[in-house]
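To start, the structure itself, in structure tokens.
The values are calculated or read from the model by the stated rules, or taken from the named source; none is laboratory data. As the structure is a prediction and not an experimental result, all values here were calculated from the model. Cβ sites come from the backbone with ideal geometry, for glycine too, and all protein chains shown count toward neighbours. Just the protein is used for accessible areas: all its heavy atoms, side chains included, with ligands, DNA and RNA removed. Shrake-Rupley method; radii C 1.70, N 1.55, O 1.52, S 1.80 Å.
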Amino acid sequence: MKSKLQWLDSGGVASPAGFRASGVHSGIKKKAGAMDLAMLVSDKPAAAAGVFTLNLVKAAPVLFCKRRLAGKKKIRAVVINSGCANACTGARGLSDAGRTAALAARALDLDPDSVLVCSTGTIGKKLPMAAIEQGLPKAASALSERGGHDAARAIMTTDTRPKEVAARIVVNGRTVTIGGMAKGAGMIHPNMATLLAFVTTDAAVAPSALGRCLKAAADRSFNCISVDGDQSTNDTLLLLANGAAGNRPLGPGHPAWNAFCRAVGEVCRKLALMIVSDGEGATKAVTIRIKGAPDERQARAAAFAVANSLLVKTSWFGADPNWGRVLAALGRSGCKFRPDRVDILYEDLLAVSRGQPAAYRESALHALISRPEFTITANLRAGAAEFTAYTCDCSEEYVRINASYMT
């Protein structure tokens, strides 16, 4: 029997039992009062799993977290700073990540090996350790069950709004809560998506099964989005499960395992869609649905060829009904299909029939593309595989933001 997912109003990363969070200004960001240091703490040791960037250039905190999680030790806290990525900083960067964990552990009276560290911001700059050292005690003293909202703000860079969500399901008569927060607006592309995201749950989960649940959730959410096709050095998605709900540990074979994994996937999907809708300079959120591809790999390639095309994305910004750019992107994607069999629909409006213009009013297509959200469906009629990608348009504001990111 499926357990119904219930979304919580004003939920976030500290919504599950036994989690507290905070966000403070430490001085990493120069703007007065800007929150730039977040802390997430589990009152009980939590099983943990992570999914990280596949970029060969990995930031120091990514390397630090991967090594720490490989030790299979349970986690008590995560420290996240914004304003500095601590990427391409060599041995000093790894040392600073380790020192941050040790300082946080001292402020929290925890084992240093139970603390993870994440960073986001400009690449190539070293962490301002003096600011972090004075900020961590502030973050520790500000921890609360209501602190998730401040934490979600403290991890933002070019985001215009915080991204947080929480939901509940019932497992063996016990209410289990899953919460999350994420940041990301630019440098967004799969493998595993270019962002920081943190998911917490008070469910008891077998540590050996947690990673499989998280990977499946990432593949259905963060690995389906793109803002600009650029893959970051700092991608990190963490899942912490502290067992405070008191359920029998979940894992494959447990009758509620699939429902729990679906719930984690839905929390991740909500966060991923929030990132797309808040893409740098974005004015429109667009869903790209590929049907009838030879296999899922080719369907994915076709979807992202459209999602990442600057010609396509700029036409969306201008509400220009230029479906030819969509068809051209599909043709260069590497997906095998016959152009004379392709249909393209904007919502329910058929724009392309069998590879040629369909009978439609251009004003109707223009009106659809003028919406803040719309879906494009391409039926390739070359197989049975499908894939859906989520993306946004590209505006002058995206250029302005990224032309002066460091200045």
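So, of the residues in region 18-33 that are not small (Gly, Ala, Ser) and not in a loop (DSSP other than H, G, I, E, B), which turns out to be surrounded by the most Cβ atoms within 10 Å (Cβ to Cβ)?
Step by step, filter region 18-33, then rank; the result is 19.
Only one of these conditions is not met by residue 227: (1) out of contact with any Phe, Trp or Tyr (no Cβ under 9 Å at 6 or more places or on another chain); (2) buried (at least 24 other Cβ atoms within 10 Å of the Cβ); (3) farther than 28 Å from residue 68 by Cβ. Which number is it?
Every listed condition holds for residue 227 apart from (1).
Looking at region 283-295, is at least one residue modelled with pLDDT of 95 or more, within 21 Å of the chain's Cα centre (by Cα) and open to solvent by 70 Å² or more (accessible area, probe 1.4 Å)?
Within region 283-295, one or more residues are modelled with pLDDT of 95 or more, within 21 Å of the chain's Cα centre (by Cα) and open to solvent by 70 Å² or more (accessible area, probe 1.4 Å).
What number of residues within region 268-282 are part of a helix (DSSP H, G or I), hydrophobic (A, V, I, L, M, F, W, C) and in contact with a Cys (Cβ under 8 Å, 6 or more places away or on another chain)?
Count: 2.
Just checking, which of 105, 130 is touching a Pro at 6+ places or on another chain (Cβ under 9 Å) and either crowded, with 19+ Cβ neighbours inside 10 Å or hydrophobic (A, V, I, L, M, F, W, C) (or both)?
The conditions single out 105.
Take region 349-363 and flag every residue that is of a type in the set (Gly, Ala, Ser) and loosely packed, with under 14 Cβ neighbours inside 10 Å.
Result: 359, 363.
Quick check on residue 206: is it surrounded by 20 or more Cβ atoms within 10 Å (Cβ to Cβ) and at pLDDT 90 or above?
So residue 206 fails the test.
Return a yes/no flag: does region 383-396 have any residue that is in contact with a Cys (Cβ under 8 Å, 6 or more places away or on another chain), crowded, with 16+ Cβ neighbours inside 10 Å and charged (D, E, K, R).
For region 383-396, residues in contact with a Cys (Cβ under 8 Å, 6 or more places away or on another chain), crowded, with 16+ Cβ neighbours inside 10 Å and charged (D, E, K, R): absent.
Of the conditions (1) more than 30 Å from residue 254 (Cβ to Cβ); (2) hydrophobic (A, V, I, L, M, F, W, C); (3) at pLDDT 95 or above, residue 166 clears all except one; give me its number.
Only one criterion is unmet by residue 166, namely (1).
Of everything in region 261-275, what is out of contact with any helix residue (DSSP H, G or I) (no Cβ under 7 Å at 6 or more places or on another chain) and crowded, with 24+ Cβ neighbours inside 10 Å? Give them in sequence order.
263, 267, 271, 275
Only helices (runs of 4 or more DSSP H) wholly contained in region 302-394 count here; list those with 2 or more residues that are farther than 15 Å from residue 284 by Cα and without any contact (Cβ under 8 Å) to a residue 24 or more places away in the chain.
Ranges flagged: 323-331, 362-369.
Could you tell me which numbered condition residue 379 fails, if it satisfies all but one of (1) more than 17 Å from residue 224 (Cβ to Cβ); (2) out of contact with any Lys or Arg (no Cβ under 8 Å at 6 or more places or on another chain); (3) modelled with pLDDT of 95 or more?
(2)
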